[in-house]
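**Q** So that we are looking at the same thing, I have put the structure below in structure tokens.
The values are calculated or read from the model by the stated rules, or taken from the named source; none is laboratory data. Being a predicted model, the structure only gives us computed values, none of them experimental. Note that we place each Cβ from the backbone using ideal geometry, even for glycine, and neighbour counts take in every protein chain shown. In case anyone asks, the SASA skips ligands and DNA or RNA and just uses the protein heavy atoms, side chains included. Shrake-Rupley method; radii C 1.70, N 1.55, O 1.52, S 1.80 Å.
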Amino acid sequence: MTNTTVLNKAADNIRILAASMVEKAKSGHPGGAMGGADFVNTLFAEFLVYDPSDPKWINRDRFFLDPGHMSPMLYSVLALTGKFTLDELKQFRQWGSPTPGHPEVDVMRGIENTSGPLGQGHAMAVGAAIAERFLVARFGDWMAHKTYAFISDGGIQEEISQGAGRIAGYLGLNNLIMFYDSNDIQLSTDTDAVTKEDTAAKYRAWGWNVLEINGNDADAIRGALIEAGQEQSRPTLIIGKTIMGKGVVTEEGQSYEGKCSTHGQPLSAAGASFAKTIAHLGGNPDEPFAIFPEVEKLYADRKAELLKVAADRKAKQAAWEKENPELAVKLHQFFSGKAPEIDYKAIAQKPGIATRAASANVLAVFAEQIENMIVSSADLANSDKTDGFLKKTHAFKSEDFTGAFLQAGVSELTMAAIMNGMMLHGGVIGACGTFFVFSDYMKPAARMAALMEVPVKYIWTHDAFRVGEDGPTREPVEQEAQIRLMEKLKNHNGQDSVRVFRPADAGETTVCWQMAVENMDTPTALIFSRQPVNSLPEGTDYEQARKGAYVVNGSDDDYDVILLASGSEVATLLAGAGLLRKDGIKLRIVSVPSEGLFRSQSKEYQESILPNGAKIFGLTAGLSVTLEGLVGSNGMVYGMNTFGYSAPYKVLDEKLGFTAENIYKQVKMFISNN
């Protein structure tokens, strides 16, 4: 146990570094970082288990920061552990710096998650804790470790905390310990201007173990962490009452703690004295970027201790692997980051089925062959057909993680963020489903997955107005254009940030799912139909879907016009083609399950499918803009440019013009005008 005086000195060191980073950058959030310093210091100095020589050790404890604006606190404590240099702290928020304004996942540096959008970080921690329980259920208690989360008032207020708190409590995630930095201040007001809830009572109602302490008292923090670590059946919330801007003083040496102004600007701009504050905390205002000798020794001693702890645990793992060679192979495969090998020939598809049903057939095989796959649904398993997977396994429940399905309830954003956390933990492959129109709820987490390059699989069904009787609130129109924009947005490694597939029939669905599983670099969105769709002509080479767009079998070599679509609309084009051919019009029909993938092909291939100058007619049940880039300036798109309506889907096909007869009419008009 560390001497409390030294612990307090280390916490003050974090406060000095955090305030100095913001002051030098002339930008940032010092107050919260200074108030939360005592907890992160105690956690890293005494409790968090990791291997200083092996940052990616699979059995390390994980720490998830929710309030990314408190990055100076995280960078500072990681500097004490040796993960950042003082010079790197001085480059806070600068171009090319490893210390951006909000932390970006970098396991080698000790950063487990990208954080910024409040609420998502702790939901990711829930996902990581679920992944740990899933793996322990398969490999044994030697894999057990803790997931720690740090949340602020803003994260507690974000709606996602409802879903994360409910799910963690229901599942009894006793491996999850979350510190709530309750300082009663947020960016623009005191918290009493926006809430009067009893947060402790709320979490207790969800089934959490709740501890309430002085969050700036190292001994109280230590006691709470010890108690939380001994909890056997519940996640623990440690509510720490902290002081915003702890240690901050004015030019006259008067306390300036607990001020809203210190939340989001340098101390010197907030009405405090930076120099006097640094001196008050024991630092040198002229050289504030320094680590006190006794603090350096504290963390050096902890490093030596951790190396021994990690070596001991790794020895236990090695002994287990020797006794369980087959399981050991499986363990290493789970954490390899490589796509699993699947017998796709085992997937039998019937012609003329809905692509959501075809997806269910694929998922049924995955449930048997991908042993580390976890699938979730937002209370729609029997409708988004993720039950194809569920029927071969069972859902998680408290003290039973032998299954592989998460019943997320009606909480799409929470579900998506939890999936991000599972994937960040490692060892699992996550997929989650809901109706396509509700992908809107998931977009913030999908964007984070894209930024972090986390290969979650999204299963979005009921892809267009053919949802029918449920009406426009359930009928996606603009959603496909939105997610396909993410294919045009590059991640920091130059890849399309999201891969999107909207297959035309059951056969294409199998290939698109195969590509989704093979994609271990970015998220993948799969968009499926509610209604049955006619199969593409016999002889169509579905492997060509791997190029994003391809010519459907039966197309004419010498064509007058190209008909282009994705998903259900390809079948509609084929029906219209039958009428057009009776008029002697020759056609090329192109299926485009993924424009982003098509655009990544060689210019020669793209030109071979959609030659420059060709007459191209596109059909989409989404916004016309979805296909305008493919048909070109001389092309035409027939699409949906209004919300949908409530009626049986076949009636909507007639009323909205998605029939063979209207395609015939539209294409004839297009040809005559060109």
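**Q** Using the structure shown, decide if GLY36 is small (Gly, Ala, Ser), open to solvent by less than 10 Å² (accessible area, probe 1.4 Å) and assigned to a helix (DSSP H, G or I).
**A** Details: small (Gly, Ala, Ser): yes; open to solvent by less than 10 Å² (accessible area, probe 1.4 Å): yes; assigned to a helix (DSSP H, G or I): yes.
So GLY36 passes the test.
**Q** While we're on this one: Looking only at residues that are in a loop (DSSP other than H, G, I, E, B) and over 37 Å from the mean Cα position of the chain (by Cα) in segment 247-264, which one is nearest to MET73 (Cα to Cα)? Working first, answer last.
**A** Here is the first cut: in segment 247-264, the ones in a loop (DSSP other than H, G, I, E, B) are 247-248, 250-254, 256-259, 263-264.
Retained after the next criterion (residues that are over 37 Å from the mean Cα position of the chain (by Cα)): 250-254, 256.
Working: THR250: 22, GLU251: 24, GLU252: 26, GLY253: 24, GLN254: 24, TYR256: 19 Å.
Ranking the candidates gives TYR256 first.
**Q** In segment 216-259, what count of residues is obtained for those that are in contact (Cβ under 8 Å) with a residue 60 or more places away in the chain and among the hydroxyl-bearing types (Ser, Thr, Tyr)? Give the steps one after another, and end with the answer.
**A** Start the filter on segment 216-259 by keeping residues that are in contact (Cβ under 8 Å) with a residue 60 or more places away in the chain, which leaves 216-219, 221-222, 225, 229, 233-236, 238, 240, 242-248, 258-259.
Among the residues that remain, those that are also among the hydroxyl-bearing types (Ser, Thr, Tyr) are: 233, 236, 242.
Of the residues in segment 216-259, 3 are in contact (Cβ under 8 Å) with a residue 60 or more places away in the chain and among the hydroxyl-bearing types (Ser, Thr, Tyr).
**Q** Continuing with this model, one more query. With the requirement that a residue be open to solvent by 50 Å² or more (accessible area, probe 1.4 Å) and within 30 Å of LEU135 (Cα to Cα), what does segment 280-303 give you?
**A** Passing the criteria: only LYS303.
**Q** Go through segment 1-25 and report how many residues are among the charged types (D, E, K, R) and more than 20 Å from THR250 (Cβ to Cβ). Even if it seems obvious, please write down each step before you answer.
**A** At the first step, the residues of segment 1-25 found to be among the charged types (D, E, K, R) are 9, 12, 15, 23-24.
So of that shortlist, the ones also more than 20 Å from THR250 (Cβ to Cβ) come out as 9, 24.
Residues in segment 1-25 being among the charged types (D, E, K, R) and more than 20 Å from THR250 (Cβ to Cβ): 2 in total.
**Q** Within segment 265-279, track down each residue that is assigned to a helix (DSSP H, G or I), more than 35 Å from the chain's Cα centre (by Cα) and buried (at least 19 other Cβ atoms within 10 Å of the Cβ).
**A** PHE274, LYS276, THR277, ILE278
Quick grid of which residues meet (1) out of contact with any Leu (no Cβ under 7 Å at 6 or more places or on another chain); (2) of a type in the set (A, V, I, L, M, F, W, C):
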position	(1), (2)
ALA45	no, yes
PHE63	no, yes
MET73	yes, yes
ALA79	no, yes
LEU86	yes, yes
GLY96	yes, no
SER115	no, no
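**Q** Right, next: Going by the structure shown, is THR620 closer than 30 Å to VAL467 by Cα, open to solvent by 10 Å² or more (accessible area, probe 1.4 Å) and not acidic (Asp, Glu)? Spell out the reasoning first.
**A** Values: closer than 30 Å to VAL467 by Cα: yes; open to solvent by 10 Å² or more (accessible area, probe 1.4 Å): no; not acidic (Asp, Glu): yes.
Answer is no for this residue.
**Q** Here's something else I'd like to know. Does VAL592 fit the bill of being open to solvent by 10 Å² or more (accessible area, probe 1.4 Å), closer than 22 Å to PRO503 by Cα and of a type outside the set (Asp, Glu)?
**A** Numbers: open to solvent by 10 Å² or more (accessible area, probe 1.4 Å): no; closer than 22 Å to PRO503 by Cα: yes; of a type outside the set (Asp, Glu): yes.
Here the answer is no, as VAL592 does not meet what is asked.
Here's the yes/no breakdown for (1) open to solvent by less than 20 Å² (accessible area, probe 1.4 Å); (2) part of a strand (DSSP E or B); (3) closer than 24 Å to ALA445 by Cα; (4) in contact (Cβ under 8 Å) with a residue 24 or more places away in the chain:
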residue	(1), (2), (3), (4)
ALA164	yes, no, yes, yes
TYR170	no, no, yes, yes
MET178	yes, yes, yes, yes
ASP192	no, no, no, no
ALA201	no, no, no, no
ARG204	no, no, no, no
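**Q** Continuing with this model, one more query. Starting from segment 658-674, take each residue that is part of a loop (DSSP other than H, G, I, E, B) and list its partners that are exposed (fewer than 13 other Cβ atoms within 10 Å of the Cβ), counting only C-beta distances under 9 angstrom and pairs at least six apart or across chains.
**A** Sorted first by the residue in segment 658-674, then by its partner, the pairs are ASN674/ASN634.
**Q** Looking at the structure I just gave you, is LEU451 under 20 Å from VAL625 (Cβ atoms) and either of a type in the set (A, V, I, L, M, F, W, C) or open to solvent by 20 Å² or more (accessible area, probe 1.4 Å) (or both)? Let's see the steps before the verdict.
**A** On the way: under 20 Å from VAL625 (Cβ atoms): no; either of a type in the set (A, V, I, L, M, F, W, C) or open to solvent by 20 Å² or more (accessible area, probe 1.4 Å) (or both): yes.
Here the answer is no, as LEU451 does not meet what is asked.
**Q** Test each condition in (1) open to solvent by less than 60 Å² (accessible area, probe 1.4 Å); (2) under 30 Å from ARG166 (Cβ atoms); (3) among the charged types (D, E, K, R) for LYS246 and report the one that comes out false.
**A** Just one mismatch for LYS246, condition (2).
**Q** Run ARG484 past the list (1) out of contact with any Leu (no Cβ under 9 Å at 6 or more places or on another chain); (2) open to solvent by less than 10 Å² (accessible area, probe 1.4 Å); (3) at negative phi and report the number of the one that doesn't hold.
**A** Single failed check for ARG484: (2).
**Q** Go through segment 56-79 and count every residue that is surrounded by fewer than 24 Cβ atoms within 10 Å (Cβ to Cβ), in contact with a Ser or Thr (Cβ under 8 Å, 6 or more places away or on another chain) and part of a loop (DSSP other than H, G, I, E, B).
**A** 1
**Q** Taking the criterion of being surrounded by fewer than 24 Cβ atoms within 10 Å (Cβ to Cβ) and among the small types (Gly, Ala, Ser), would at least one residue in segment 519-533 satisfy it? Quick ask: steps written out before the conclusion?
**A** Of segment 519-533, the ones surrounded by fewer than 24 Cβ atoms within 10 Å (Cβ to Cβ) are 519-522, 531-532.
Now narrow it down to the ones that are among the small types (Gly, Ala, Ser): none.
Checked segment 519-533: no residue is surrounded by fewer than 24 Cβ atoms within 10 Å (Cβ to Cβ) and among the small types (Gly, Ala, Ser).
**Q** Can you pull out the residues in segment 3-22 that are open to solvent by 30 Å² or more (accessible area, probe 1.4 Å) and more than 13 Å from LEU281 (Cβ to Cβ)? Steps first, please.
**A** Filtering segment 3-22 down to residues open to solvent by 30 Å² or more (accessible area, probe 1.4 Å) leaves 3-6, 8-9, 12.
Those that are open to solvent by 30 Å² or more (accessible area, probe 1.4 Å) and more than 13 Å from LEU281 (Cβ to Cβ): ASN3, THR4, THR5, VAL6.
**Q** Looking at segment 488-510, which of its residues are over 17 Å from ALA354 (Cβ atoms) and open to solvent by 10 Å² or more (accessible area, probe 1.4 Å)?
**A** Within segment 488-510, the subset over 17 Å from ALA354 (Cβ atoms) is 488-500.
Of everything in segment 488-510, those that are over 17 Å from ALA354 (Cβ atoms) and open to solvent by 10 Å² or more (accessible area, probe 1.4 Å) turn out to be LYS488, LEU489, LYS490, ASN491, HIS492, ASN493, GLY494, GLN495, ASP496, ARG499.
**Q** Still on this structure, I have one more. May I ask you to list pairs of residues, at least six apart or on different chains, whose Cβ atoms are under 7 Å apart, with the first in segment 534-561 being among the basic types (Lys, Arg) and the second being modelled with pLDDT of 95 or more?
**A** Once the first residue is among the basic types (Lys, Arg) and sits in segment 534-561, its partners that are modelled with pLDDT of 95 or more give ARG546/VAL511; ARG546/MET515; LYS547/LEU597; LYS547/PHE598; LYS547/GLN601; LYS547/TYR605.
**Q** On to the next question. Which residue, of SER97, SER71, is under 21 Å from ARG447 (Cα atoms) and more than 15 Å from the chain's Cα centre (by Cα)? Steps first, answer last, please.
**A** Details: SER97 fails: under 21 Å from ARG447 (Cα atoms).
Residue meeting the stated conditions: SER71.
**Q** Within segment 430-452, can you find the residues that are in contact with a strand residue (DSSP E or B) (Cβ under 8 Å, 6 or more places away or on another chain) and either aliphatic (A, V, I, L, M) or free of Cβ contacts under 8 Å to residues at least 24 places away in the same chain (or both)?
**A** ALA431, MET442, ALA446
**Q** Related question: Checking ASP463 against (1) out of contact with any strand residue (DSSP E or B) (no Cβ under 6 Å at 6 or more places or on another chain); (2) over 21 Å from GLY421 (Cα atoms), only one condition comes out false. Which one?
**A** Only one criterion in (1) out of contact with any strand residue (DSSP E or B) (no Cβ under 6 Å at 6 or more places or on another chain); (2) over 21 Å from GLY421 (Cα atoms) is unmet by ASP463, namely (1).
**Q** Would segment 633-652 turn up any residue that is within 17 Å of ARG474 (Cβ to Cβ), of a type in the set (D, E, K, R) and surrounded by fewer than 22 Cβ atoms within 10 Å (Cβ to Cβ)? First the steps, then the outcome.
**A** To start, the set of residues in segment 633-652 that are within 17 Å of ARG474 (Cβ to Cβ) comprises 640, 642-652.
Still in the running and of a type in the set (D, E, K, R): 650.
Filter again for surrounded by fewer than 22 Cβ atoms within 10 Å (Cβ to Cβ), leaving 650.
Yes, that holds for at least one residue.
**Q** How about segment 80-89: which of its residues are within 15 Å of PRO288 (Cα to Cα) and either outside any helix (DSSP H, G or I) or out of contact with any Pro (no Cβ under 7 Å at 6 or more places or on another chain) (or both)? Explain how you work it out, then say what you get.
**A** Taking segment 80-89 and keeping what is within 15 Å of PRO288 (Cα to Cα), we get 80, 85-89.
Correct list: LEU80, THR85, LEU86, ASP87, LEU89.
**Q** Which of the residues that make up segment 567-587 are open to solvent by less than 40 Å² (accessible area, probe 1.4 Å) and either touching a strand residue (DSSP E or B) at 6+ places or on another chain (Cβ under 8 Å) or aromatic (Phe, Trp, Tyr) (or both)? Break it down stepwise before answering.
**A** The first filter runs over segment 567-587 and keeps only residues open to solvent by less than 40 Å² (accessible area, probe 1.4 Å), leaving 567-573, 576-578, 580, 585, 587.
GLY567, GLU569, VAL570, THR572, LEU573, GLY576, ALA577, LEU580, ILE585, LEU587 - these are the residues of segment 567-587 that are open to solvent by less than 40 Å² (accessible area, probe 1.4 Å) and either touching a strand residue (DSSP E or B) at 6+ places or on another chain (Cβ under 8 Å) or aromatic (Phe, Trp, Tyr) (or both).
**Q** Does segment 561-576 contain at least one residue that is closer than 25 Å to SER672 by Cα and charged (D, E, K, R)?
**A** Scanning segment 561-576, I find at least one residue that is closer than 25 Å to SER672 by Cα and charged (D, E, K, R), so the answer is yes.
**Q** Still on this structure, please answer the following. Step by step: first the residues of segment 350-378, then only those that are open to solvent by less than 50 Å² (accessible area, probe 1.4 Å) and not hydrophobic (A, V, I, L, M, F, W, C), then the one that is farthest from ALA395 (Cα to Cα). Which residue is that? Step through it out loud before you land on a result.
**A** Initial filter on segment 350-378 (open to solvent by less than 50 Å² (accessible area, probe 1.4 Å)): 352-360, 362-367, 370, 372-378.
Still in the list and also not hydrophobic (A, V, I, L, M, F, W, C): 352, 355-356, 359, 372, 376-377.
On the way: GLY352: 31, THR355: 24, ARG356: 21, SER359: 19, ASN372: 14, SER376: 9, SER377: 11 Å.
Per the stated criteria, the residue is GLY352.
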